[in-house]
Amino acid sequence: MKFFTLNINKVFTTKRLPLLATFIITLSIIINSSTAQMFMHDLKHTGRSSYQGTSSNEIKWSTITGGEIWSSPVTDSTNTIYVASTDGNFYALNSDGTEKWHYRTGDELYSTPAIGTDGTIYVGGKNKKLLALNPDGEIKWVYFLGSDAYSSPAIGKDGTIYIGAWDGNLFAINPNGTKKWSYRTSSNILSSSPAIGDNGIVYFGSQDGRLYAVSPEGRIKWSFSTEAKIDSSPSINKNGIVFIGSHNGILYALDSNNKGKLIWEYNIGSRLDSTPAISSDGTIYTGAKDGKLYAISSNGTLKWSYDTGDTITSSAAISSDGTIYTGSWNGNLYALAPDGSLKWKQNLSRFPILSSPAIDSQGSVYVGSTDWKVYAFGK
């Protein structure tokens, strides 16, 4: 987004008041709606927020649903929190934790929602459907995928919605709810959610062990074999390098500008389900089954690791000040400094945190837990 200044003395005249009002409204819409919100914050899955998260481990509130929360919360420009639950309900919560509305889908939900620039909310379900909901909770349309959707949708710049399904298909759905195309892999797509590069190429993993790069028209560009299942989602840095973790415990860095050529690999040695997050200095953060959060430099060397003592499948959220937030199966939420030192931690319950944290414009941090609750941190 480009920033500019106005000469108010020239604009603010009686004759031009209607024009100024229109301009202000339009500018407000652009500021509040220019970026879709989704799993790992953005199309590239950087996990990097433009907001500074809370420095406090104080729990502001918690709201209980009727089932486990695997989904990650997503917030919109009004700081409404959207989250799915395995109770089959999709929830919209006010910033004070009260319920705004809920929509009953009829089956378990694991998918993290994505919010379009027009406010439409998209979420996949175990009911084999992709749902499009209006901001007031009314159903807009339903697309029948024909297979369960654990993957989280991503919204392309042209409004196309991409989502993976258990039958191994990546679907591209038009904003009006009609099918654009689908691309079939040779095994299931579980939780690997599509990331989208600047050129519109869609990247996603499959349990066949391959990372796929598919054009906006649905044609394969290239694929890369890790020779082990992929449930992690890919992330992309500013230079077009794609990072992906695999069940074999290796984090891969691939050159998307050179048909997925391997740049480097780092052998963590423990299964990777967490999606790599990317800081502004290029550091990659990923959690592993061994309970550690790893910080890997952009050249593929280890900077540090922090041991939580239990499995990490939660993907990290990065605050504008560099603080890294992540959950662990031990029920703790952690806030770590960029050097790997502990800022704070808070135990939520004895149940695992699988959800990835989200940060809103007020600095509140939200995370879901398998204890059926959504938690808000901040003062």
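Yes or no: Ser361 on the phi < 0 side of the Ramachandran plot, outside any strand (DSSP E or B), touching a residue at least 60 places away in the same chain (Cβ under 8 Å) and surrounded by fewer than 24 Cβ atoms within 10 Å (Cβ to Cβ)? So Ser361 passes the test. Just so you know, in the range 219-245 the residues that are over 18 Å from the mean Cα position of the chain (by Cα) and of a type in the set (S, T, N, Q) include one that is farthest from Ser182 (Cα to Cα), and it is Asn239. Here Trp141 fulfils each of the conditions (1) of a type in the set (Phe, Trp, Tyr); (2) outside any strand (DSSP E or B); (3) farther than 30 Å from Lys229 by Cβ apart from (2). Residue count for the range 263-304, restricted to those that are over 21 Å from Asp231 (Cβ atoms) and of a type in the set (Ser, Thr, Tyr): 6. Look at the range 39-57: where a residue is more than 14 Å from Tyr285 (Cα to Cα), no partner that is aromatic (Phe, Trp, Tyr) and modelled with pLDDT under 95 sits 6+ places away or on another chain with Cβ atoms under 9 Å. Of the residues that sit in the range 284-295 and are of a type outside the set (Val, Ile, Thr) and part of a strand (DSSP E or B), which one is farthest from Asp255 (Cα to Cα)? If we take residues in the range 284-295 being of a type outside the set (Val, Ile, Thr) and part of a strand (DSSP E or B), then Lys292 is farthest from Asp255 (Cα to Cα).
Counting only residues that are under 29 Å from Ser361 (Cα atoms) and surrounded by fewer than 21 Cβ atoms within 10 Å (Cβ to Cβ), the range 95-119 holds 14 of them. Would it be correct to say that Ser95 is assigned to a strand (DSSP E or B), among the hydroxyl-bearing types (Ser, Thr, Tyr) and more than 17 Å from the chain's Cα centre (by Cα)? It is false that Ser95 is assigned to a strand (DSSP E or B), among the hydroxyl-bearing types (Ser, Thr, Tyr) and more than 17 Å from the chain's Cα centre (by Cα). Checking each residue in the range 227-237 for being free of Cβ contacts under 8 Å to residues at least 40 places away in the same chain and under 18 Å from Ala316 (Cβ atoms) picks out no residue at all. Annotation: His102 fulfils all but one of (1) at pLDDT 95 or above; (2) in a loop (DSSP other than H, G, I, E, B); (3) not aromatic (Phe, Trp, Tyr); the unmet one is (2). Pull up the range 120-146, narrow it to residues that are farther than 20 Å from Leu93 by Cα and touching a strand residue (DSSP E or B) at 6+ places or on another chain (Cβ under 7 Å), then point me to the one that is surrounded by the fewest Cβ atoms within 10 Å (Cβ to Cβ). Step by step, filter the range 120-146, then rank; the result is Phe144. A residue that is within 25 Å of Lys373 (Cα to Cα) and of a type outside the set (Val, Ile, Thr) occurs nowhere in the range 170-185. Highlighted here are the strands (runs of 3 or more DSSP E) found entirely within the range 168-269 that include at least 1 residues which are in contact with a helix residue (DSSP H, G or I) (Cβ under 9 Å, 6 or more places away or on another chain): 202-205, 210-214, 220-225, 241-245. Of all the criteria given as (1) within 24 Å of Ile268 (Cα to Cα); (2) among the β-branched types (Val, Ile, Thr); (3) under 17 Å from the mean Cα position of the chain (by Cα), the one not satisfied by Thr308 is (3). Here the condition is being modelled with pLDDT of 95 or more, in contact with a Lys or Arg (Cβ under 7 Å, 6 or more places away or on another chain) and part of a loop (DSSP other than H, G, I, E, B); of Ser298, Ser280, Ser274, it holds for Ser280 alone. Taking the condition out of contact with any strand residue (DSSP E or B) (no Cβ under 6 Å at 6 or more places or on another chain), more than 30 Å from Gly322 (Cα to Cα) and not acidic (Asp, Glu), does Gly106 pass? Yes; evaluated as a whole, the condition is true for this residue. Among the residues of the range 38-72, those that are among the hydrophobic types (A, V, I, L, M, F, W, C) and surrounded by 21 or more Cβ atoms within 10 Å (Cβ to Cβ) comprise Met38, Phe39, Met40, Leu43, Ile69, Trp70.
When Pro175, Pro194 are screened for being surrounded by 18 or more Cβ atoms within 10 Å (Cβ to Cβ), closer than 19 Å to Leu254 by Cβ, touching a Ser or Thr at 6+ places or on another chain (Cβ under 8 Å) and not basic (Lys, Arg), only Pro194 passes. The set of residues from the range 309-350 being within 20 Å of Gly47 (Cα to Cα), in a loop (DSSP other than H, G, I, E, B) and without any contact (Cβ under 8 Å) to a residue 60 or more places away in the chain comprises Thr311, Ile312, Thr313, Ser314, Gly322, Ser328, Trp329, Ala337, Pro338, Asp339, Gly340, Ser341. So, in the range 191-222, exactly how many residues are touching a Pro at 6+ places or on another chain (Cβ under 8 Å) and farther than 22 Å from Thr112 by Cα? Final tally of qualifying residues: 0.
The values are calculated or read from the model by the stated rules, or taken from the named source; none is laboratory data. A quick note: this is a predicted structure, and the numbers were derived from the prediction, not measured. A quick note on method: Cβ atoms are made from the backbone with ideal geometry, for glycine too, and the neighbour counts reach across all protein chains shown.
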